[in-house]
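Below: the structure, in structure tokens.
The values are calculated or read from the model by the stated rules, or taken from the named source; none is laboratory data. Worth saying up front: this structure is predicted, and the values here are computed from it rather than measured. Neighbour counts run over all protein chains shown; Cβ positions are idealised from the backbone, glycine included. Surface areas here come from the heavy atoms of the whole protein model, side chains and all, with no ligands, DNA or RNA. Shrake-Rupley method; radii C 1.70, N 1.55, O 1.52, S 1.80 Å.
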Amino acid sequence: MRWWDIEPVLELEKDLFPEDAWSRGMFWSDLAHARGPGATRRYVVAENAGRIVGYGGLASAGDTGDVQTIAVAREHWGTGLGGLILTELLRAATAFECAEVLLECRVDNVRAQKLYERFGFEAIGFRRGYYQPGNVDALVMRLNDPSTSVQGTEING
């Protein structure tokens, strides 16, 4: 993801997460840490016919990675695109030498939870009222050793 991707990403973000969408500033802030030798973030976009249809981001701190966001346009749900984005983020976690990866997922987003479970993430707790302003709880999930979840997988394109 680059700065010129922020506007189309925001459109998708607002469509998918109308109550708790990220702001322009949040994306700018994370992208500021995604380049150069001291980078601690990795953000990716997926395009189809020149249109952004998915994106994801990972932050690393020490030996821990944190999936910041993953989103896929509704018309691409069930196509495997979310898994491809997650694979790329776990590759980044491996490159950052993360021993574990954490994430928060809305408790009502069962589709995402199943994706994370397929990659080996396990539920480890809750964050009450994490998603605002809707006051929706987050399920906290953890994956130990992200390198084992991406071995043998390939991303084309």
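Looking at the P(r) of region 1-115, how many percent of alpha-carbon pairs lie beyond 17 Å?
Values: 3542 of 6555 pairs.
Value for region 1-115: 54 percent of Cα pairs lie more than 17 Å apart.
Shape of region 73-151 from its Cα gyration tensor (a ≥ b ≥ c, root eigenvalues): rounded if a/c is under 1.5, otherwise prolate when a/b > b/c, or oblate? Display every interim value, and only then the final one.
Numbers: a/c = 2.16, a/b = 1.29, b/c = 1.67.
It comes out oblate by the Cα gyration axes.
Distance between the C-alpha centers of region 113-136 and region 70-89? Whole Å please. Answer, in whole Å: 17.
At a 1.4 Å probe radius, carbon and sulfur cover how many percent of the accessible area of the chain? Could the numbers behind the result be given before it?
Working: 4140 of 8520 Å².
Ligands and nucleic acids excluded, carbon and sulfur reach 49 percent.
Taken about its Cα centre, region 60-105 carries a charge dipole of about 220 debye when Lys and Arg each add +1 at the Cβ and Asp and Glu each add -1 at the Cβ. Residue separation of D20 and W77 scaled by 0.36 nm, minus their Cα-Cα distance, works out to 18.5 nm of gained length.
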